[in-house]
Amino acid sequence: MAGHSHFSPANVEEHFEFTSEGKRRVIIAFIVGLVATIIGIYLLSKGESGGHEIAAAGHEAAGAGHEAAQAHVSGGAVSHQAGAEEHYDWTNRIWANVWLNAVFFTGIAVVGMFFVSLQYLTKSGWSSVMKRVPEAFPKFLFVSIPILALVFFFKGDVIFHWMHHGVTEVGNANYDKIIAGKSGYLNKNFFLIRLLGFGAIWIILWNMLRKKSLEEDLIGGTDLFTQKVKIGTAFIVVFGASSSIFAWDWVMSIDTHWFSTMFGWYMFASWHVTTYAVIVLAILYLKDKGLMAYVNENHLHDLGKFMFAFSIFWSYVWFEQFLLIYYANLPEESIYFLERWEGHDKIYKASEVLMVLLNFLLPFLVLMTRDAKRTRIFLKIAAFLIIAGHYIDFYQMIMPGVLGKHGGYGLVEFGMVTVFASAFIYMISAELTKASLVAKNHPFLPEALHHDI
Amino acid sequence: MSHVVSPIREHLVTGGKSYSDVTHDICKQVEGEPTKEWKIAFAISCVIFAYGAYCLFYTWWQGIGVWGLNKTVGWAWDITNFVWWVGIGHAGTLISAVLLLFRQKWRTSINRSAEAMTIFAVLCAASFILAHMGRPWLAHWALPLPNAFGSLWVNFNSPLVWDVFAISTYLSVSLLFWYMGLVPDLATIRDRATTKGRKFWYGLFSLGWTGSAKTWARYEYMSLILAGISTPLVLSVHTIVSMDFATSVIPGWHTTIFPPYFVAGAIFSGFAMVQTLLLITRVVFKLEDYITIEHIEMMNIVVTVTGSVVGIAYLTEFFIAWYSGVEYESYAFINRATGPYWWAYWMMMTCNVISPQLFWFKSIRTNLMVSFFLSIVVNVGMWFERFVIIVTSLHRDYLPSSWAMFSPTMYDIGDYIFSFGLFFTLFFLFAKFLPVVNMAEVKSVMKGVSSNFPKKVAKKSKSEE
């Protein structure tokens, strides 16, 4: 069969070299991002918008229409906006961005582990040839989990309405009965325990799996494989609970009054499809370097199918959540979408439309045909669209609640995402060099090398 | 698809079967006389069917006032049974479509009966829609047909109308998928036929299948295309069913997690039902070499995973009901667990969330008796899940003076029995007259997954490559 010719056994051990040239490029990107962030911060401190900020246009256009929209939004049973408005300080935007990126990249890192675990649990053969790539992703958790903890500890009150002074204190001017009712769950200590506890379990399980995986290259045999199936299963059980809990903690509780039972799976769907896109980009980058020749169009086809399918899955979850809230039209629920659609001087409306376009329509059309899923350029286009789209998705989840009408896309946003992305690339590249790019003793490797669809 | 299979995988066909053994083993029960066990089982299901048909007829004759509904609980067993059967009807398409897309070779031994079961379960569900209507002769009013009443259309905003589209689409595609998969096997039976009648009937339904390379290529394209079409259907049907409840503003019904959680629950109960049926079929028809312990273990794993997903959804709902701070919402859930219907709630929790956790032990998930018992437990639990969602959310009205309980009459029960009669009668007819395992597809994966695959055959097919 045709599949046989793609593989030449000579390449079975292969190492990625993170050259000084490569390092320099990533570091330059990091510095560019940092400089952009600093200029952005400087502009913000001067009261400038810092780049093309939609908010500015929104302010000018603020006429009767905007007034009406505001009244409509705050006319609901509850208003979250009040919190963001009262406490606004220009530095909030910095912390909001750190939080946004830390959550986004934590997701990409941890879903790398989820993907590998799932492959072990389901005994998937085809993916054994490329599993070293997602296996390296969780390394970034060593950076992102501490960032989340630090930002929460020192600047949590900027991000979370429920951490504002006095909201749970009876008799205080800020007292909020609904938030007080949640304080058994939403309080500083318990939040930190969950964050650090599950974060630590993620990292420990990944370390165990990674160690066994590298050991397998030296020893081989099926014992290590069975042990990894067990670690992977344990991780999936932990992740099943913790992914939902973190979605409530890190993102849903920003809009403290609001609630949606779908939210945990919605955020997971967003993280999940983004990670597929990152895996595809990483593999295509390595292939462009002349590495991983044994990952052929058949494996890419499968990854393309996953990007396609999980883009649709995200759309399903997003739309279902929207539809049910829209249909029942209960004020305490519908305010969430109302705020993003016509609240805050309508600055989030364009992103909302763009997000659905980038996350559903474009990947759906680009990846529709078989040929597209087997062609590198289409996969690259789709992967970039998906990553950008889901960055905006997280932006839409986090910014309206934290910044209200002071949000926008400026140098800080651009700079911060560049900083995080280059740090991510640096750490993952360094991790990739530590092992052969192919797990040469993986018991399913022969299946993967003969994969032909 | 490549035939390279890692040696650590379990065999999916045991006993060193050759291709002709497969044909013989599967065709045997179609071609032979009905066995005594089959006759007895079929007779029993016909009796149940007849009794149920009487109850259903009486329901239609008298109107749905014969049910135990009252003005507070206006929807109970009728919709519970409907959702239950639709849920069961999810496994077939999941196995034939989703597992095909995921290239799971173990699906080939079980897809035929799973798909048949799906179709029969959806028919049972449909019977409750008709029973609901009170006036079934006006059933076509659910369709958006041009009519003599001016601009009187169906209410397109209603999830019940979406149901009509979702389920009829699902039924059509499942039927098509099942039938197309049957064609090569029907042709096999036609070619082996010794009687005129059999040659005629199987010949008619095998649509002139020749078995040429071109027909096979088309067959494979068709399978993939239908799998692509049915995969979204697996999600859409129970999504829409969940919206019958979730679009409302009843506490306990209106919750955004409903669509994916209903889908997971449907796959859960569907797999349990496939397990129940196949554990019997493999013994009665002596198919232990095709439906192996490995298959049973795989299905038990799917049951555990989906059961746990459903468990997470239960806990999420409960947590968010508290977290929301909405009094009605919190009350609805506390009432479920501790109110007058506490037994239904804990029945659901035990059967659906706790009992499948036993399958974490390999010795339990490979034990046939325990698997059989737990597969029934799961479906009991899933019936209670729907009962809990529907009845306990309704029985505490907003006005305490309207609080009520629901007690079924013999017609609630009889109509439910009708669906069992219908289901088993159809399933036994299927099991006798059609091959219960897809011979053609089992043969297509045998090289590589069969233990002691005869060397001569392996060599021959290698030279053909």
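The values are calculated or read from the model by the stated rules, or taken from the named source; none is laboratory data. Quantities reported herein were computed from a predicted structural model and do not represent experimental measurements. Because the Cβ atoms are built from the backbone with ideal geometry, glycine has one as well, and the counts that use them run over all protein chains shown.
Checked against the criterion of being among the aromatic types (F, W, Y), in contact with a Phe, Trp or Tyr (Cβ under 8 Å, 6 or more places away or on another chain), within 23 Å of B:R103 (Cα to Cα) and surrounded by 22 or more Cβ atoms within 10 Å (Cβ to Cβ), the candidates A:Y336, A:Y276 yield just one match: A:Y276.
Consider segment B:307-322 and keep the residues that are under 15 Å from B:Y345 (Cα atoms) and touching a helix residue (DSSP H, G or I) at 6+ places or on another chain (Cβ under 6 Å). The one that is farthest from the other protein chains (Cβ to nearest Cβ) is B:V310. Any residue that is modelled with pLDDT of 90 or more, assigned to a helix (DSSP H, G or I) and under 20 Å from the mean Cα position of the chain (by Cα) - is there at least one of those in segment A:206-222? The answer is yes, given that some residue of segment A:206-222 is modelled with pLDDT of 90 or more, assigned to a helix (DSSP H, G or I) and under 20 Å from the mean Cα position of the chain (by Cα). What are the residues in segment A:259-268 that are of a type outside the set (V, I, T) and facing another protein chain (nearest Cβ under 9 Å), if any? Result: A:F259, A:S260, A:M262, A:F263, A:G264, A:W265, A:Y266.
Surrounded by fewer than 24 Cβ atoms within 10 Å (Cβ to Cβ) and modelled with pLDDT of 95 or more: does that describe B:C46? Spelling it out, B:C46 is indeed surrounded by fewer than 24 Cβ atoms within 10 Å (Cβ to Cβ) and modelled with pLDDT of 95 or more.
Applying the selection to segment B:8-22, what residues are part of a loop (DSSP other than H, G, I, E, B) and either in contact (Cβ under 8 Å) with a residue 40 or more places away in the chain or farther than 23 Å from A:P446 by Cβ (or both)?
Correct list: B:R9, B:E10, B:H11, B:L12, B:T14, B:G15, B:G16, B:K17, B:S18.
In segment B:23-79, the qualifying residues are those that are of a type in the set (F, W, Y) and free of Cβ contacts under 8 Å to residues at least 40 places away in the same chain, and the one that is farthest from B:I110 (Cα to Cα) is B:W61.
Mind listing just one residue for me: the one in segment B:278-295 that is crowded, with 22+ Cβ neighbours inside 10 Å and outside any loop (DSSP other than H, G, I, E, B) and, of those, modelled with the lowest pLDDT? The residue in question is B:R282.
Residue check: is A:K287 in contact with a Leu (Cβ under 7 Å, 6 or more places away or on another chain), of a type in the set (D, E, K, R) and part of a helix (DSSP H, G or I)?
Numbers: in contact with a Leu (Cβ under 7 Å, 6 or more places away or on another chain): no; of a type in the set (D, E, K, R): yes; part of a helix (DSSP H, G or I): yes.
Criteria not met by A:K287.
Taking into account only those residues within segment A:136-160 that are of a type in the set (F, W, Y) and surrounded by 13 or more Cβ atoms within 10 Å (Cβ to Cβ), which is nearest to A:L195 (Cα to Cα)? Filtering segment A:136-160 for residues that are of a type in the set (F, W, Y) and surrounded by 13 or more Cβ atoms within 10 Å (Cβ to Cβ), the one nearest to A:L195 (Cα to Cα) comes out as A:F152. Of all positions in segment A:211-223, at least one carries a residue that is within 20 Å of A:I428 (Cβ to Cβ), more than 14 Å from every other protein chain (Cβ to nearest Cβ), surrounded by fewer than 15 Cβ atoms within 10 Å (Cβ to Cβ) and out of contact with any Lys or Arg (no Cβ under 8 Å at 6 or more places or on another chain).
Apart from one condition, A:G181 fits all of (1) within 24 Å of the chain's Cα centre (by Cα); (2) not in a loop (DSSP other than H, G, I, E, B); the exception is (1).
Against the condition touching a helix residue (DSSP H, G or I) at 6+ places or on another chain (Cβ under 7 Å) and polar (S, T, N, Q), how does B:S236 come out, does it pass? Give the steps one after another, and end with the answer.
Numbers: touching a helix residue (DSSP H, G or I) at 6+ places or on another chain (Cβ under 7 Å): yes; polar (S, T, N, Q): yes.
Yes, satisfied.
Of all the criteria given as (1) more than 21 Å from the chain's Cα centre (by Cα); (2) surrounded by 18 or more Cβ atoms within 10 Å (Cβ to Cβ); (3) within 14 Å of chain B (Cβ to nearest Cβ), the one not satisfied by A:M163 is (3). Within segment A:146-155, can one find any residue that is more than 30 Å from B:V326 (Cβ to Cβ) and either in contact with a Gly (Cβ under 9 Å, 6 or more places away or on another chain) or within 14 Å of chain B (Cβ to nearest Cβ) (or both)? Yes, segment A:146-155 has at least one match. The residue that is nearest to the other protein chains (Cβ to nearest Cβ), among those in segment A:166-183 that are surrounded by fewer than 19 Cβ atoms within 10 Å (Cβ to Cβ) and in contact (Cβ under 8 Å) with a residue 12 or more places away in the chain, is A:I178.
Restricting attention to segment A:307-328, does a residue exist that is assigned to a helix (DSSP H, G or I) and more than 14 Å from chain B (Cβ to nearest Cβ)? Give the steps one after another, and end with the answer.
At the first step, the residues of segment A:307-328 found to be assigned to a helix (DSSP H, G or I) are A:307-328.
Narrowing further to those that are more than 14 Å from chain B (Cβ to nearest Cβ): A:307.
Checked against the condition, which is being assigned to a helix (DSSP H, G or I) and more than 14 Å from chain B (Cβ to nearest Cβ), segment A:307-328 yields at least one hit.
Can you give me the number of residues within segment B:109-143 that are of a type outside the set (D, E, K, R), assigned to a loop (DSSP other than H, G, I, E, B) and surrounded by fewer than 24 Cβ atoms within 10 Å (Cβ to Cβ)?
Result for segment B:109-143: 2.
Between A:L291, A:L303, the distinction of being touching a residue at least 12 places away in the same chain (Cβ under 8 Å), away from chain B (no Cβ under 13 Å), surrounded by fewer than 22 Cβ atoms within 10 Å (Cβ to Cβ) and among the aliphatic types (A, V, I, L, M) belongs to A:L291 only.
Scan segment A:233-250 residue by residue and report those that are within 13 Å of another protein chain (Cβ to nearest Cβ) and either without any contact (Cβ under 8 Å) to a residue 12 or more places away in the chain or more than 16 Å from A:A102 (Cα to Cα) (or both). Within segment A:233-250, A:T233, A:A234, A:I236, A:V237, A:V238, A:F239, A:G240, A:A241, A:S242, A:S244, A:I245 meet the criteria. With respect to B:R107, determine if the residue is out of contact with any Cys (no Cβ under 7 Å at 6 or more places or on another chain), within 14 Å of another protein chain (Cβ to nearest Cβ) and either under 24 Å from B:F433 (Cα atoms) or at pLDDT 90 or above (or both). So B:R107 passes the test.
Being among the β-branched types (V, I, T) and under 28 Å from B:G32 (Cβ atoms) is the filter; apply it to segment B:188-230 and report the residue that is surrounded by the fewest Cβ atoms within 10 Å (Cβ to Cβ). Give the steps one after another, and end with the answer.
Kept after step one, since they are among the β-branched types (V, I, T), are these residues of segment B:188-230: B:188-189, B:194-195, B:210, B:215, B:225, B:229.
Checking the rest, the ones that are also under 28 Å from B:G32 (Cβ atoms) come to B:188-189, B:194-195, B:210.
Working: B:T188: 22, B:I189: 25, B:T194: 7, B:T195: 9, B:T210: 10.
Going through the qualifying residues, I end up with B:T194.
Against the conditions (1) in contact with a helix residue (DSSP H, G or I) (Cβ under 8 Å, 6 or more places away or on another chain); (2) part of a loop (DSSP other than H, G, I, E, B), A:F153 satisfies every one except (2).
Of all positions in segment B:186-206, at least one carries a residue that is touching a helix residue (DSSP H, G or I) at 6+ places or on another chain (Cβ under 6 Å), away from chain A (no Cβ under 14 Å), not in a helix (DSSP H, G or I) and not β-branched (V, I, T). B:I267 meets each of the listed conditions (1) assigned to a helix (DSSP H, G or I); (2) of a type outside the set (F, W, Y); (3) more than 10 Å from chain A (Cβ to nearest Cβ); (4) surrounded by fewer than 21 Cβ atoms within 10 Å (Cβ to Cβ) apart from (4). For segment B:244-263, taking the residues that are touching a residue at least 60 places away in the same chain (Cβ under 8 Å) and outside any helix (DSSP H, G or I), the one that is farthest from B:G381 (Cα to Cα) is identified as B:T247.
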